[in-house]
Amino acid sequence: MVPFRVAAAYGSRLKAGTTDDKVCAALDTHYDVSMTKILIVNPNTTTSMTETIGAAARAVAASGTEIIAVTSSMGPVSIEGYYDEAFAVPGLIQALINAPDADAAIVACFDDTGLDAARTAARFPVVGICEAALVTGGQIAKRIAVVTTLPRSIVPLEELVRRYGFAERAQVTACDVAVLDLDKPGSGAEAKLEAEIARALDKGAEAIVLGCAGMADLPQKLSRKFGVPVIDGVAAAVKQAEALAGLKLTTSRRGSYASPGVKNYTGILAPFAPKTSS
């Protein structure tokens with residue numbers, strides 16, 4: 001049977017007694033029913049983390065959104081500090097180049113690894129999960145705690161917090177858990193994370209931002225436990241990517257994110273040399 005809301009919306013195009021198959025044919029003929037395709041790149045090379053990220057993204061995606069979660073083909077197994085980040089960028093850029101038909105992309109590392117380079121390289125908008133989480137948190141709380149993994153990640157994230165304009169509202173803390181331990185049974189990672197969240201709330205935080213994409217499966221559970229908003233950057237980024245795609249906005253090519261100039265690269269980076277400039 002033709003659903004009432006479909007018949008009501010398209011009744012002027014359908015005759016009485018129209019079958020479901022004919023409805024589908026009519027919609028295919030007269031309306032664009034293409035999905036919004038969002039590419040999510042895990043810039044480390046751990047596929048189990050990509051699976052966690054993809055599941056979290058699909059849980060919040062709109063019905064008309066297709067989530068494509070991919071793992072970088074090269075680089076570190078986890079990104080914990082500046083050195084790892086530097087070697088994760090080529091794999092991220094390659095993943096973006098390999099998906100020219102995406103409507104938007106998400107960099108699924110809380111360091112917003114290679115985000116500026118990604119925006120320069122991709123023809124579609126690219127969202128970083130740190131920026132997305134802070135913007136979302138800022139709409140529902142004045143004082144935000146970003147709880148990340150290892151202490152060495154605190155300063156890089158503090159720099160991002162300042163860059164995004166949240167230095168007076170967000171504090172960064174760490175639960176002293178290695179990224180790969182988030183996925184390891186018996187590591188005690190979740191208990192350490194919960195203890196750090198409790199400390200942040202005691203210090204006055206009103207909302208929690210989870211400072212690692214590997215925590216993407218935890219926000220609802222933690223929000224129920226502590227009675228405050230807990231924000232996962234992956235989920236926040238999905239909704240922002242959907243908005244950008246729906247508004248048909250893409251990255252400005254004037255100034256900062258202008259396409260890279262054509263030039264030669266040498267050695268193992270030769271394949272990344274810009275071939276065209278617009």
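When you restrict to C-alpha pairs under 8 Å that are six or more residues apart and normalise by the size of region 90-160, the relative contact order lands at 28 percent. Separation of region 140-183 and region 240-274, taken as the distance between their Cα centroids, equals 27 angstrom. Across region 221-232, computed HN-Hα scalar couplings (Karplus, 6.51 cos²θ - 1.76 cosθ + 1.60, θ = phi - 60°) run 4, 6, 5, 5, 5, 9, x, 9, x, 10, 10, 9 Hz from first to last residue, x flagging Gly and Pro. Within the same chain, lysines fewer than 8 places from K263 are excluded, and of the rest, those with a Cα less than 28 Å from its Cα are K275.
Restricting attention to region 126-212, which GluC sites (Glu not before Pro) occupy a DSSP loop and are surrounded by at most 10 other Cβ atoms within 10 Å? Mind showing how you got there, number by number?
Values: sites: E131, E158, E159, E168, E190, E194, E196, E206; in loops: E168, E206.
Those that pass, being in a loop and sparsely packed, are E168.
For each pair in K192/K225; K192/K221; K203/K225; K203/K239; K37/K239, compute the distance between the two Cα atoms and list the pairs where it is over 19 Å. With Cα atoms farther than 19 Å apart: K203/K239.
Among the GluC sites (Glu not before Pro) in region 64-111, none is located in a DSSP loop while being surrounded by at most 11 other Cβ atoms within 10 Å of its own Cβ.
Take every Cα pair under 8 Å whose residues are at least 6 apart in sequence, average their separation, divide by the length of region 195-278, and the relative contact order is 19 percent. Distance between the pseudo-spin-label points of A243 and V77 (7 Å out from Cα toward the beta carbon): 3.8 nm.
Per-residue extension of 0.36 nm, minus the Cα-Cα distance of A55 and K142, leaves a gain of 28.4 nm for this segment.
Trypsin sites (Lys or Arg not before Pro), restricted to region 231-278: which are DSSP loop and have at most 11 other Cβ atoms within 10 Å?
Details: sites: K239, K248, R253, R254, K263, K275; in loops: K248, R253, R254, K263, K275.
When the trypsin sites (Lys or Arg not before Pro) of region 231-278 are filtered for loop state and at most 11 Cβ neighbours within 10 Å, K248, R254, K263, K275 remain.
Amide H contacts under 5 Å for A69: I40, restricted to partners 5 or more places along the chain or on a different chain, H placed in the peptide plane at 1.01 Å from N. Exposed loop sites, defined as chymotrypsin sites (Phe, Trp or Tyr not before Pro) outside DSSP H, G, I, E and B with at most 11 other Cβ atoms within 10 Å, are absent from the longest region of the chain, namely 32-264. Against the chain, whose longest principal axis is taken from its Cα atoms, helix 20-30 shows a tilt of about 80°.
Under 9 Å from the Cβ of A189, count the other residues' Cβ atoms, weight Lys and Arg +1, Asp and Glu -1, and hand me the total. Spell out each step's value before the answer.
Details: positive: K184, K192; negative: D181, D183, E190.
Neighbourhood net charge equals -1.
Net length available on complete extension from D101 to E206 is 33.9 nm, with 0.36 nm assigned per residue and the Cα-Cα distance removed. Relative to the first principal axis of the alpha-carbon coordinates of the chain, what is the inclination of helix 154-163, with its axis defined by its Cα atoms, in degrees from 0 to 90 and to the nearest 10? Helix 154-163 and the main axis of the chain meet at about 50 degrees.
Helix-only mean residue ellipticity at 222 nm, the chain, DSSP H runs n ≥ 4 weighted -39,500 (n - 2.57), per residue, nearest 500. What is it? Could you put the intermediate results ahead of the total?
Working: 10 runs with 111 residues, N = 278.
Result for the chain, helices only: -12000 deg cm²/dmol.
Principal-axis analysis of the Cα atoms of the chain puts helix 233-246 at an angle of about 40° to the longest axis.
Each reported figure results from applying straightforward, stated rules to the coordinates on display, with no laboratory input. Note that the coordinates shown come from a computational prediction; the quantities given were computed from them, not determined experimentally. Positions of Cβ are generated from backbone atoms using ideal geometry, with glycine treated the same way; all protein chains shown enter the neighbour counts.
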